[in-house]
1. Any idea which residue in the stretch 32-55 is surrounded by the fewest Cβ atoms within 10 Å (Cβ to Cβ), counting only those that are within 16 Å of ligand 1 (Cβ to nearest atom) and farther than 10 Å from Thr20 by Cβ?
2. Would you confirm whether or not the stretch 146-165 contains a residue that is under 16 Å from the mean Cα position of the chain (by Cα), on the phi > 0 side of the Ramachandran plot and either within 16 Å of ligand 2 (Cβ to nearest atom) or at pLDDT below 95 (or both)?
3. Would you check if Ala190 is surrounded by fewer than 18 Cβ atoms within 10 Å (Cβ to Cβ) and not charged (D, E, K, R)?
4. Considering only the stretch 220-232, state which residues are under 22 Å from the mean Cα position of the chain (by Cα), within 11 Å of Phe262 (Cα to Cα) and not hydroxyl-bearing (Ser, Thr, Tyr).
5. Report whether or not Glu80 is exposed (fewer than 12 other Cβ atoms within 10 Å of the Cβ), more than 22 Å from Gly139 (Cα to Cα) and within 14 Å of ligand 1 (Cβ to nearest atom).
6. If you go through the stretch 242-250 one residue at a time, do you hit one that is in a helix (DSSP H, G or I) and over 26 Å from Asn101 (Cβ atoms)?
7. Can Cys100 be described as under 17 Å from the mean Cα position of the chain (by Cα), hydrophobic (A, V, I, L, M, F, W, C), under 23 Å from Glu273 (Cα atoms) and away from ligand 2 (no atom under 16 Å from the Cβ)?
8. As an exercise: evaluate Ala227 against (1) at positive phi; (2) modelled with pLDDT of 95 or more; (3) aliphatic (A, V, I, L, M) and give the number of the one condition it does not meet.
Amino acid sequence: MYKSCNLIQHGLCFFNDTLTSCCFSPVDKVDGQVPPMIKFNYWGEIIPVKELFMRMDKYADIFKAGGCPRECQNCYKIEEKDWPEERYIDQITITHFSMCNADCIYCSNNYEKWERTPKTYDILPVLNYFKEQGIIRKGCEIHIGGGEFTIYHECNEILELFAINNYARVFVPTNAIKYSHCLFRAMDKATTYIIISLDSGTRKTYKKIKRVDAFNQVMESLEKYAATQKSRDAIRLKYILVPTYNDNIAEFKKFLGIAKKFGITNLIIDIDERYLHLKRYNADGYYINLAKKMNDIAIEQNFITEFYCFYNQSTNNKQFKEDNFIIRFFKAIKYRYFDKKLRELYRNHRYAPK
Ligand code: SF4
Ligand code: SF4
């Protein structure tokens, strides 16, 4: 038994010029992110399996020896347990593309050091190779990041390879401007989950935040994505609170009206990461209370809610803290990090693994 992290042991994250273990490092939260590096200057080339695990072991061995790599210091995903000797991959993040058909004011491709660029590589050859070599475990998680997946040229093949043939669970953020029937098929198989950040209840507010006039297209896609019970359950509709743009209950109620119209029950309440960053992860009480109020209204109307960036929030609001416990719970499932209390809750949760 020793301390390590599932992503160090079994994770791959494809950026557009590097291959890493995970997509972030908590060490340089403010000054830049330096995740554990498997290969610098990586552009989709096939890495032989033996070499891949040798590179991954550079970090795994530090944990095994009782240490902690600099990149992982203080990371909440570190846990103590019996780590299997067997080498395999069970979580892959695909974030090596950044083009998008929207231009959200909060998009990290706009304000962080990652620039939006058409320069990328084909990822299918390397994924196919790892799958054929039997190192990608059945039932693994694939997380999509980067730009807009439905306009990425290998979108359909990736969904065919992992989701439609029931090999992995795929998590896709999409703006839903372009409807993808392949994505719908994967959702209807209950192997793929999508998050759509609508952030508004009206075309006017949508346009201000997403900076494209595509509200009506999104409504059309939503109707198609929500066509079956399974596909509806696979949707999480998100409201990112953007200070001064949509921070009012009237807009949120219209957002709820849209969710209701399409029978979507899973919601996410979030806040603009740029604002939190600016506030050193200490949002004004106004936004805490607003998020809490929104949550109450949604729950009264029988929606299921989660918070996202508020996870990092420190606050004296007792109720919010309790709600945050639920957030920790969701995060725990996502990152497989549990404390004792969370374990108890975990057993009954709808996202519990089969
Ligand atoms: S411990 Fe944290 S930083 Fe290190 S690989 Fe795991 S998730 Fe990434
Ligand atoms: S939809 Fe996503 S990738 Fe596209 S601009 Fe908005 S946040 Fe960025």
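The values are calculated or read from the model by the stated rules, or taken from the named source; none is laboratory data. Everything numeric in this text was worked out from a predicted model, so none of it was measured. Glycine gets a Cβ as well: all are built from the backbone with ideal geometry, and neighbour counts include every protein chain shown.
1. Narrowing the stretch 32-55 to residues within 16 Å of ligand 1 (Cβ to nearest atom): 32-39, 52-53, 55.
Pick out the ones that are also farther than 10 Å from Thr20 by Cβ and you get 32, 52-53, 55.
Details: Gly32: 10, Leu52: 21, Phe53: 16, Arg55: 15.
Step by step, filter the stretch 32-55, then rank; the result is Gly32.
2. Residues of the stretch 146-165 under 16 Å from the mean Cα position of the chain (by Cα): 146-150.
Next, from what is left, pick out any that are on the phi > 0 side of the Ramachandran plot: 146.
Next cut, either within 16 Å of ligand 2 (Cβ to nearest atom) or at pLDDT below 95 (or both) only: 146.
Yes, the stretch 146-165 contains at least one residue that is under 16 Å from the mean Cα position of the chain (by Cα), on the phi > 0 side of the Ramachandran plot and either within 16 Å of ligand 2 (Cβ to nearest atom) or at pLDDT below 95 (or both).
3. Values: surrounded by fewer than 18 Cβ atoms within 10 Å (Cβ to Cβ): yes; not charged (D, E, K, R): yes.
When the stated conditions are applied, Ala190 passes them.
4. Within the stretch 220-232, Leu222, Ala226, Arg232 meet the criteria.
5. Numbers: exposed (fewer than 12 other Cβ atoms within 10 Å of the Cβ): yes; more than 22 Å from Gly139 (Cα to Cα): yes; within 14 Å of ligand 1 (Cβ to nearest atom): yes.
So Glu80 passes the test.
6. yes
7. Working: under 17 Å from the mean Cα position of the chain (by Cα): yes; hydrophobic (A, V, I, L, M, F, W, C): yes; under 23 Å from Glu273 (Cα atoms): yes; away from ligand 2 (no atom under 16 Å from the Cβ): no.
For Cys100, the condition - under 17 Å from the mean Cα position of the chain (by Cα), hydrophobic (A, V, I, L, M, F, W, C), under 23 Å from Glu273 (Cα atoms) and away from ligand 2 (no atom under 16 Å from the Cβ) - is not met.
8. (1)
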